[in-house]
Structures are given as C-alpha cells and as structure tokens.
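Readers should treat all values here as calculations from the given coordinates under stated rules, not as data from a laboratory. This structure is a prediction, so every number in the text was calculated from the model and none was measured. Ideal geometry is used to build each Cβ from the backbone, glycine not excepted, and the neighbour counts take in all protein chains shown.
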Amino acid sequence: MDKEHALQIFRSTGALLEGHFRLTSGLHSPNYFQCARVLQYPRYAELFCQEIAERFRPDGIEVVVSPAIGGIVVGQEVARLLGCRAVFAEREENLMTLRRGFEIRAGESVLAVEDVVTTGGSVKEVIDLAQQAGGKVKGAAFLVDRSGGRALFSVPFFAALRMDVLTYPPEECPLCKQGLAVVKPGSRKV
C-alpha cells in the first residue's frame, strides 16, 4: 500500500492526531498515531498486518511476540495471517516479561511486532526477552515507524508506514514553551 493511501486510512479513522503529546518514549510531538483507532476496524487491521505477514512469511515464523498493550492486536492479526501462535509481553516492575503462561521455546522462530515505534525501546526489550528465552528472532515489524530512520534494531525490520514526525526532548519542546497543555495518550502505565 502506498503512503498516501495509508495516511488517508489513519486520517479517516481519526487515528492521526494533532496537538501536543508526550510519547511513551518521553519525547514530545505535535502528532500522535492512535493505532487502536485504525485497528478497531478488522478490515484495516488485516490490510496493514498482511503487509507485515507477507514480508516475514519466508522466515517460517512460529510465534509472534508483542509488547502490551499497543502491539497485542497487531501481534494477534499477524500471527493469524501466518498461522502461528501470538503471545505478548507485559511490564512487571518496569521490565518486559512473559506472563499468563506464555513462553517462547528454545529454537523457535520469532517475529516481534508493535503498533508504532519512535525510539523502538519496547520492541528492543521484547527482542531481548525472546532471545533470552532461546528464541531465534527473525525480525521486527510495526504498523507505523515514526522515527524518521532513527530507530534501529539488531534484526531485520519493516514498517507498513514510515513517517518522519517531529519529536522534541521535553526541555526543548516549542509547544511547551508556548504553554500548550501536553496530553499522554499512550498505554505505558496501563
């Protein structure tokens, strides 16, 4: 799918927000991708996740792992399309961990997925978690890469949509300096 078509879907579902946002990374931005607004429509979830599944189908993925909460729907749909298991990691005492009886078996081919990345921190944690469990991480994938090419990974990675979105450290944020209230729409503390 081309970038303009993808952006049209994000805009039409109200998933591309404008304002003053504090991202999960701690950075501030005038834009926010609320991927849940797109993913509430199964046809769009399938459309975007199909691109991810096709990119990694040749890798024989046996389990898709995602960070909670944002990556859960993406992980489930990509796993459905690949015909494999889907598990998710949760923060426990500020560390990503597999709970609920989920496991990644030694030698299993793994794909890490997320809804949106800015710094890639959560995806890197999930990759490390999978590798520590003995999984062979074949790649990482996301609906949106808003890092502008700054988020790099130790495995091959793919995004259905790449956007270069402005971000600022809080102390340098021009929106803060204008006195605009900051909104934190992410799910890190959930």
inquiry  = Can you sort Tyr32, Tyr41 from fewest to most other Cβ atoms within 10 Å of each residue's own Cβ?
reply    = Tyr41, Tyr32
ask   = Kirkwood hydrodynamic radius (Cα pairs, Å) of the chain?
value = 16.8 Å
remark   = Percent relative contact order for region 40-164, counting Cα pairs under 8 Å at least six residues apart, stands at 24 percent
query = By how many degrees, between 0 and 90 and to the nearest 10, does the Cα long axis of helix 71-82 differ from the longest principal axis of the chain?
reply = 40 degrees
Residue exposure sequence - Asp145, Asp164 - by fewest surrounding Cβ within 10 Å = Asp164, Asp145
Crossing angle, helix 42-56 versus the chain [Cα axis fit, 0-90 degrees, rounded to tens] = 60 degrees
ask   = Taking the Cα centre of the chain as the origin, how large is its charge dipole in debye, to the nearest 20, when only Lys and Arg (+1) and Asp and Glu (-1) carry charge on their Cβ atoms?
value = 220 debye
request  = Tell me, for the chain, which Cys residues have no other cysteine's C-beta sitting closer than 4.7 Å.
outcome  = Cys35, Cys49, Cys84
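Among Glu92, Glu46, which comes first, second and so on when ranked by fewest other beta-carbon atoms within 10 Å?
Listing Glu92, Glu46 from fewest to most nearby Cβ atoms yields Glu92, Glu46.
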request  = Work out, step by step, the length gained on full extension between Lys3 and Arg150: first 0.36 nm times the residue separation, then minus their alpha carbon distance; give nm to one decimal.
outcome  = 51.0 nm
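Order 70-83, 147-160 from most to least packed using the mean count of other Cβ atoms within 10 Å.
70-83, 147-160
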request  = With everything on Cα atoms, drop me the angle between helix 121-132 and the longest principal axis of the chain, reported from 0 to 90° to the nearest 10.
outcome  = 20 degrees
